[in-house]
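Reading through the structure tokens given below for one structure.
Throughout, read-outs are computed from the coordinates displayed, never taken from laboratory work. Note that this is a predicted model, so its numbers are computed, not measured. Every residue, glycine among them, receives a Cβ derived from its backbone with ideal geometry; neighbour counts consider all protein chains shown.
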Amino acid sequence: ELKVEQNPLFLSMQEGKNYTIYCNYSTTSDRLYWYRQDPGKSLESLFVLLSNGAVKQEGRLMASLDTKARLSTLHITAAVHDLSATYFCAGSISGTYKYIFGTGTRLKVLA
Amino acid sequence: DTGVSQNPRHKITKRGQNVTFRCDPISEHNRLYWYRQTLGQGPEFLTYFQNEAQLEKSRLLSDRFSAERPKGSFSTLEIQRTEQGDSAMYLCASSWAPLAKNIQYFGAGTRLSVL
């Protein structure tokens, strides 16, 4: 059974700093997703990574995938307060459309 | 296209009562998913449909839970004989296969409180 683990679970960082969130998964996953969730809101899709070495970037966020290491990263560059949210990664079990989410990383960017 | 719509947004019920939630997916999306999310956790997969067929159901979904998607459009999730442990946010998502990315678009959720 696919298991998805994120770390750190909580992250408090200063504006302007860089940081990386890590997402490890236990077995082969067809796709790796990153979502953002603001308090009291639903999930918003950020990135989908389909193949080894895939890199996607949007603004100050960049996601990458290493299927051999079963690791995805979400890198935050020069954080701003608006990035404060909870970030989830999710993998899909090969051959299915069943998605397993990590516990999430709660990010707080301090002014 | 107004996105995924869920009703009601909030539901308060007494233990032992039955509740039903509705999800209207993005039109033309053929896949529909139900998740449960508790505070501080990620969404937990419950079940998914392709068109009207329920293709997978989590082992976590006890016999008290049932979901339908009768015409391949909207879906309902029913919980019978609710328990306090059922209190959670119930999220619905939809996607369009056969796009390889299969990005799921989530609704705002139904928050269930069982007293």
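For this structure, a couple of remarks:
- HN-Hα J in Hz across region B:75-84 - Karplus 6.51, -1.76, 1.60, θ = phi - 60°, x for Gly and Pro: 9, 10, 10, 10, 10, 9, 6, 4, 10, 4
- In nm, spacing of pseudo-spin labels at B:ASN7 and B:LYS57 (7 Å Cα→C-beta vector): 2.6
- Region A:6-12 - phi-based ³J(HN,Hα) in whole Hz, Karplus 6.51/-1.76/1.60, Gly and Pro as x: 10, 8, x, 7, 10, 9, 10
- Residues with amide H under 5 Å from that of A:SER26, placed H, sequence gap 5 or more: A:LYS3
- Calculated over the protein assembly as shown: convex hull of Cα atoms, volume per residue (Å³): 121
- Normalised contact order of chain A, rounded percent, pairs of Cα under 8 Å and 6 or more residues apart: 37
- For B:TYR105, A:TYR35, A:TYR22, order by how many other beta-carbon atoms lie within 10 Å, fewest first: A:TYR22, B:TYR105, A:TYR35
- Spin-label pair A:ARG60-B:GLN41: with each label point 7 Å from Cα along the Cα-Cβ axis, the two points sit 3.2 nm from one another.
- Contact order, relative form, for chain B: 37 percent (alpha carbon pairs under 8 Å, 6 or more residues apart, mean separation divided by residue count).
- In sequence order, calculated HN-Hα J values of region A:89-94 (Karplus, 6.51, -1.76, 1.60; Hz; x Gly/Pro): 10, 8, x, 10, 5, 3
- Relative contact order of region A:11-53: 30 percent, from C-alpha pairs under 8 Å at least 6 residues apart in sequence.
- Each of A:ILE93, A:ILE76 was scored by other Cβ atoms within 10 Å of its Cβ. Listed from fewest to most, they are A:ILE93, A:ILE76.
- Those residues of region A:46-87 whose amide nitrogen sits under 20 Å from the label point placed on B:ALA97, 7 Å along Cα→Cβ: A:48-51
- The count of lysine pairs in chain A that are at least 8 places apart or cross chains, and whose C-alpha atoms lie under 25 Å apart, stands at 13.
- Positive minus negative residues near B:GLN17 (Lys, Arg vs Asp, Glu; Cβ under 15 Å): +2
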